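What follows is one structure encoded as structure tokens, with my remarks underneath.
The values are calculated or read from the model by the stated rules, or taken from the named source; none is laboratory data. None of the values given here were measured: they were computed from a predicted structure. In this analysis, Cβ positions are derived from the backbone assuming ideal geometry, glycine residues included, and neighbour counts consider all displayed protein chains. All accessible areas refer to the heavy atoms of the entire protein, side chains included, with ligands and DNA or RNA removed. Shrake-Rupley method; radii C 1.70, N 1.55, O 1.52, S 1.80 Å.
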Amino acid sequence: MNTVHHQDRNKERVVGTVSKLSPTNDPWDPIVSLKRYGEHRLTSVEMTVAQVCNMRCEHCAVGHTLIMREPDMLPLDLMLKKLDQVPDLETISITGGEPTFHMSTVKDYIIPILKYAKDRGIRSQLNSNVTLDYARYEMIAPYLDVMHISFNYTNANDFHEVGFVHTNHQVSSSVTGKWYDQMMENTRRLAEGGLFVSAETMINYRTHQKLGEIHRLINEMGCKRHEVHPMYPSSFASDLPVLSIDDFRASIHHLLDVRNKEMWMLFGTLPFYGCNTNEEDHALLKRLHQEPNVTVRNDPDGRNRLNVNLFNGEVYVTDFADIPSFGSIYEEELDDIFNRWLKTHPLAQSVNCHCPAANCCGPNLLVANMYYPSADFKQRKSHITLV
């Protein structure tokens, strides 16, 4: 654990210590900062640096924003200045589209932002499909904490069917098969080189009976963590079949039965809460709490994280819910936008609850609207104790 000094323009300040990421140390979870400060604070900033992608996954949560040719990005120095103004910043994430699609983005934005984070003692994550040439990922790796990949496949045919549904031209299975092999090889090489690779799987109509095999492949590639999230109907996924809560629950139990218990498994945006009255939900939550190397991350969006679009400066508070831009970095500091959202917006207030007994700080907005439209979570009490 090392103390890091950050040169904040003209003033040096100590920003804290950097500890190894583990099931007991997940700085992206908003409950960590909630416990520390006694309130939600902006500790995480996500930056969208790409609106292009070589894939068109059927479940993509930002598929509607993908384009063929990107406009110019805003000046890097402006974004770094805005990050300087966030005093409690602990993590950043870089996302797209495919952030590494253009080598110029890698060199001119991604690596400088990651260097800034490293100098300041801030944890970093890059969301990538890692299907392109290894050289660009090798350039990034020395400065990155977490390479986050999406992995919802058991073979190249799955990859072809899932990853290229929404392309505007035919992509042959021979081409996608090469990308699939390259994705797996790149992941292995990054993991073997010591990078923390976290593979995310969506539980949906395609994957819920294949999670064990998907987990086996993720383990074989050397990933340090397997993230599992239910798929919800957002953007490209809006018209896909939605699993029942019973199917979600059964698939998670099966995965827990067959998983590698040495690997960190992180579950997020689950539709199960201690304040539910369903005893099967209680049993699953207790099992998740008791299993070794298993964590359930509270939803960061709008609780400790904002997203900044580096093409127009617009600021968003959530990935999934249909909430338009809530501000602009040209007009406000990020802390001010965050506090205005958290303290004044009725949607933020509707899920702004904290239950210490269940280690929970409320549902994701889309989950609440989809499964619990009439529930007042601020008035509910947990029926179980998980701490």
For region 246-259, indicate whether the set of residues that are at pLDDT 95 or above, in a loop (DSSP other than H, G, I, E, B) and not polar (S, T, N, Q) is non-empty.
yes
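Test of understanding: among 334, 306, which residue is aliphatic (A, V, I, L, M), under 26 Å from residue 233 (Cβ atoms) and touching a residue at least 40 places away in the same chain (Cβ under 8 Å)?
The match here is 306.
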Whether any residue in region 218-240 is closer than 30 Å to residue 340 by Cα, touching a strand residue (DSSP E or B) at 6+ places or on another chain (Cβ under 6 Å) and either in contact (Cβ under 8 Å) with a residue 60 or more places away in the chain or open to solvent by less than 20 Å² (accessible area, probe 1.4 Å) (or both) is what I want to check.
yes
Within region 333-356, is even one residue under 25 Å from residue 78 (Cα atoms), in contact with a helix residue (DSSP H, G or I) (Cβ under 8 Å, 6 or more places away or on another chain) and not hydrophobic (A, V, I, L, M, F, W, C)?
yes
Give the residue that is modelled with the lowest pLDDT, with candidates limited to residues of region 373-387 that are β-branched (Val, Ile, Thr) and open to solvent by 50 Å² or more (accessible area, probe 1.4 Å).
387
It is to be established whether one or more residues within region 214-237 are part of a helix (DSSP H, G or I), among the aliphatic types (A, V, I, L, M), over 22 Å from the mean Cα position of the chain (by Cα) and at pLDDT below 95.
no
Return the pair list, or none, for Cβ contacts closer than 9 Å from residues in region 28-48 that are among the aromatic types (Phe, Trp, Tyr) to residues that are open to solvent by 20 Å² or more (accessible area, probe 1.4 Å) and part of a loop (DSSP other than H, G, I, E, B), at least 6 apart or on different chains.
28/90; 37/88
Could you check, for region 98-107, whether at least one of its residues is out of contact with any Leu (no Cβ under 7 Å at 6 or more places or on another chain), open to solvent by 10 Å² or more (accessible area, probe 1.4 Å) and assigned to a loop (DSSP other than H, G, I, E, B)?
yes
Being of a type in the set (Gly, Ala, Ser), closer than 15 Å to residue 44 by Cβ and free of Cβ contacts under 8 Å to residues at least 60 places away in the same chain, is that true of even one residue in region 103-115?
no
